[in-house]
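This report concerns only the one structure given below.
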Amino acid sequence: MVLTINESRFLKNFAISSSIGATKHNGLHRLTLSKEDKQMRDVYKKQLQEAGLKVRIDDYGNMYARREGRQKNAPAVTFGSHLDTQFNGGRFDGVLGVLAGLEVMEILNDKQIETDFPLELINFTNEEGARFNPPIIGSGAVTGQFSKDYVYNLQDEEGVRFEDALTDIGYKGKEENRLGETKCFVELHIEQGPILENENKDIGIVQGLQGLTRLNVVVNGFTNHAGGARMKDRKDALLAAAHMIVTVNKMTEEIEGLRITVGKINNYPNSINVIPGKVSFVIDIRHPNDEMKNKSVKLIQERLQKVAGENNVTCETNVDWAYDMVPFDQEIIEKISDSSKELNYSMLDLYGGPGHDAKYMSTYTPTGLIFVKSIDGISHNENELTEDGDLIKGANVLLNTILKLATN
Ligand SMILES: [Zn+2]
């Protein structure tokens, strides 16, 4: 049996979400635990209750909506994502997974379908990390990655504590309401990359999340006057850093699958007529194969030292943050693939970036992740766009995948 969602209800719910925290240019500014987040949560909670779901809130503000199955004490089939956004972010990142989840519950009600396993839809707190850094806090905390003390004492730029912000918006629930026994977790999300669009495929079947290493680089030169020092005597840290960035970027031509990004750089003293004496930057290094990634990191460190020598500066590197690939559950991958096939959608196996609730959930329960197209791969931006047809396809795949997982 292939089920499909109620498209107009789903898109109507999307329009409601898109109006709460709306920005001038069609985006969303709905930082976690802000008044906009509260407003969205209130609307969403009401929708859940009207759908006859039992809503509970845990001590991190995570919202769970439960629909009982035939087997009362069986582990729950869980699914969801997040309703918070970046600063001037998009309307789809995270929101899709939650609203598609709501539609799954609604359509099962409409069709009076009773599943074997209970279902739970989750809205995780602070996936984005835009207001309280680090990201992926709600799912990280309930899966044992962060302590309560650590989370509660996180502060935003204004010095507001996480716990106080949670209390302020009225979403500090009980510890006993946390994630319980689960059979599995499935997240539907926009791709936030251009691959599905470039390959012209409907559904991305995410095999795993790519590993990542962040390498901090500090280049030490010598600060001097732009008018005085002769060119050949200079120890220009910024010029050396420029050579380094080009060099490591070129390495992606040698090593297939390697992705290198330098997105953050600090220059000292950053003054027009002063030769830069110190530069620090961070290299984001990714590869779907952990062994190749780790080899690449070593090679990058060697090359940086070589470029430093050629430029008369010194260079220190240290690994700031690293983790290996997170593979997803094969049985769930199969069910996502079967559902896409039954719906006659084209599909593609791919790998995701690291930032999703599915990442920490996979340490707790068998997990799967479904992607739909993002136009031009743009995300964390007001221009983020996934077309209605693709939102609907994603929701249909989620619906049928959940049905399969919730049936004995
Ligand atoms: Zn997201």
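The table that follows gives values for the structure above.
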| read-out | value |
| --- | --- |
| Members of the range 90-99 that are closer than 14 Å to Asp37 by Cα and within 9 Å of the ligand (Cβ to nearest atom) | Gly94, Val95 |
| Among (1) under 23 Å from Leu188 (Cα atoms); (2) in a helix (DSSP H, G or I) - the single one Asp349 does not satisfy | (2) |
| Candidates Leu102, Leu119, filtered to the one that is open to solvent by less than 20 Å² (accessible area, probe 1.4 Å), away from the ligand (no atom under 16 Å from the Cβ) and out of contact with any Ser or Thr (no Cβ under 9 Å at 6 or more places or on another chain) | Leu102 |
| Filter result for Ala65 (in a loop (DSSP other than H, G, I, E, B), over 13 Å from His189 (Cα atoms), among the aliphatic types (A, V, I, L, M) and modelled with pLDDT of 95 or more) | no |
| Residues satisfying the stated conditions in the range 138-175, i.e. hydroxyl-bearing (Ser, Thr, Tyr) and either in a helix (DSSP H, G or I) or open to solvent by 40 Å² or more (accessible area, probe 1.4 Å) (or both) | Ser139, Ser147, Tyr150, Tyr152, Thr167 |
| Only one of Asn220, Asn216, Asn224 that is open to solvent by less than 80 Å² (accessible area, probe 1.4 Å), more than 33 Å from the chain's Cα centre (by Cα) and touching a residue at least 60 places away in the same chain (Cβ under 8 Å) | Asn220 |
| The one condition in (1) at negative phi; (2) assigned to a loop (DSSP other than H, G, I, E, B); (3) in contact with a Lys or Arg (Cβ under 8 Å, 6 or more places away or on another chain) that Trp321 fails to fulfil | (2) |
| Asn198 being assigned by TED's automatic domain parsing to the domain that holds Ile378 and open to solvent by 20 Å² or more (accessible area, probe 1.4 Å) | yes |
| Selection from the range 324-341 of residues that are open to solvent by less than 40 Å² (accessible area, probe 1.4 Å) and in a helix (DSSP H, G or I) | Ile332, Ile333, Ile336, Ser337, Ser339, Ser340 |
| Which listed residue, of Val217, Val142, is at pLDDT 95 or above, away from the ligand (no atom under 16 Å from the Cβ) and not assigned by TED's automatic domain parsing to the domain that holds Asn88 | Val217 |
| Which listed residue, of Asn408, Asn344, Asn312, is more than 16 Å from the ligand (Cβ to nearest atom), modelled with pLDDT under 95 and either in a loop (DSSP other than H, G, I, E, B) or more than 19 Å from Gly97 (Cβ to Cβ) (or both) | Asn408 |
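The values are calculated or read from the model by the stated rules, or taken from the named source; none is laboratory data. What you see is a predicted model, and the numbers here were worked out from it, not measured in a lab. Positions of Cβ are backbone-derived with ideal geometry, glycine not excepted, and every protein chain shown enters the neighbour counts. The accessibility values were calculated without ligands, DNA or RNA, using every heavy atom of the protein model including side chains. Shrake-Rupley method; radii C 1.70, N 1.55, O 1.52, S 1.80 Å.
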